[in-house]
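Structure first, then comments.
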Amino acid sequence: MKIEVDQHRLISEIEALASISDAEAPAVTRIVFTPTDLKARTWLKARCEEAGLAVRQDPIGNTFARCSGSDLTLPPVGTGSHIDAIPNAGKYDGVVGVLGGLEAIRALQRSGFRPRHSIELLVFTAEEPTRFGIGCLGSRMLSGALSADAARQLKDSEGVSLDDVRERAGVSGELEAVKLPSGYYSAFVELHIEQGPRLEGQGIPLGVVTSIAAPASLRISIEGSGGHAGGVLMPDRRDALCAAAELILAIENAARNSGAIDTVATVGICEVFPGAVNSIPSRVRLSADIRDTDLERRDDVMQQIETATQAISVERRVPIRTEVLNADAPADCAPAVVEAISESCGKHHLKFVPIVSRAYHDSLFMSRIAPTGMLFIPCRNGYSHRPDEYASPEDISRGTLVLAETLAALSR
Ligand SMILES: [Zn+2]
């Protein structure tokens, strides 16, 4: 069996998908269930059908495109990623795993390989938290980590419920039907850009992921007291932004002082109300994102943030409300899948390193219902979630080749 990746076609498909965007090129913005996202989904389904795959969609909009195996009693092998993109993102995050997954299946078809297990391409809904404030919406629900009831409580940034957003997007069905039973897939593999600088820095073309860091995110609202910037004197102030400033630094310190390089914490959103030059900030909304490969250490950082929050609240006389949006456990990749990926690299004489995924991915949740592994390719300067995100055609097709080889090994 000789697997050949059609690099030219794959790259032109990545470009075509990138052109379906709400931002001007080279930036890509594709928020879940916007007209642009729906257009991209339609385009992608057509590519899957062209390849002879059977396409279905579940009630949260996760899309499944199946290449049937010779033994339909066996659980399928899954691969895939996401096509939604945060505002002003690049072309490759998620997309490489989706279009690379599709090309891997086509390459296997062209090679004459006939899998025993079916191979299924998955396109997960809303890996990015942009619209609903929670990442991996589709895979979270597939794995049962987010219940249908909890999902129904979600509202987008405009306050529209998930059910209403779904309905407007023409995605229907009972959310209870999204969860897949454990054992539904015999294995799951996701190809992704590294989103970090290590592979490029070491000059190694492939990373075989061994574990995925545990993410948590908080929504914090600080209620101060507004007033005229000239009229209210300093002793009388309860400035929400000054309290926020202290808290932001406390969050940074909690991560810096964890004693481990793997601990990171970020405040990425700071909204100030009323946001006028001569008005004391009355209310601030912050987001905090905390991650670690070690759950205990991550939770310890969260505890320190909670302690700091209470102290600042008392000291500055401002109520602070913290909502934990998610606090997920890390995932270890399945040894059998890690081995299959590593052997596939070896088969093509490609160097690889074991690597930790510091970003979370749909694989974090797939690992709860299926033996899961991930394959990373380098991206320039480690940049991601920005318009100049870049992975070379050679790296993308190498990753796709190893993915195809891995899918073949797992579906025999
Ligand atoms: Zn991604």
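Listed values, structure above:
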| read-out | value |
| --- | --- |
| Pairs from LYS2/LYS39; LYS2/LYS351; LYS45/LYS351; LYS2/LYS347; LYS45/LYS155 whose Cα-Cα separation, in the structure shown, is over 23 Å | LYS2/LYS39; LYS45/LYS351; LYS45/LYS155 |
| Surface share of carbon and sulfur [accessible, 1.4 angstrom probe, percent] for the chain | 51 percent |
| Dipole axis of the chain (+1 Lys, Arg; -1 Asp, Glu on Cβ), positive-most option in HIS349, ALA216, ILE193 | HIS349 |
| C-alpha center-to-center spacing [region 60-82, region 1-56] in angstrom | 18 Å |
| Virtual spin-label span in nm between GLN310 and SER279, 7 Å along Cα→Cβ | 3.4 nm |
| Between helix 95-111 and the chain: long-axis angle, C-alpha atoms, 0 to 90°, nearest 10 | 10 degrees |
| Listed peptides 229-238, 248-257 by packing density, highest first (mean Cβ within 10 Å) | 248-257, 229-238 |
| At q = 0.08, 0.11, 0.12 Å⁻¹, base-10 log of I(q)/I(0) for the chain (Debye sum, equal scatterers on each alpha carbon) | -0.45, -0.82, -0.95 |
| Hydrodynamic radius by Kirkwood, which averages 1/r over all alpha carbon pairs of region 181-308, in angstrom | 17.7 Å |
| Sequence ranges 160-169, 94-103, ranked by mean other-Cβ count within 10 angstrom, highest first | 94-103, 160-169 |
| Rounded tilt (10° steps) of 295-316 against the dominant C-alpha axis of the chain | 20 degrees |
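The values are calculated or read from the model by the stated rules, or taken from the named source; none is laboratory data. Since we're looking at a predicted model, the values are computed, not measured. Reconstructed Cβ throughout: ideal geometry from the backbone, glycine too, with neighbour counts over all protein chains shown. For accessibility, only protein heavy atoms count, side chains too; no ligands or nucleic acids. Shrake-Rupley method; radii C 1.70, N 1.55, O 1.52, S 1.80 Å.
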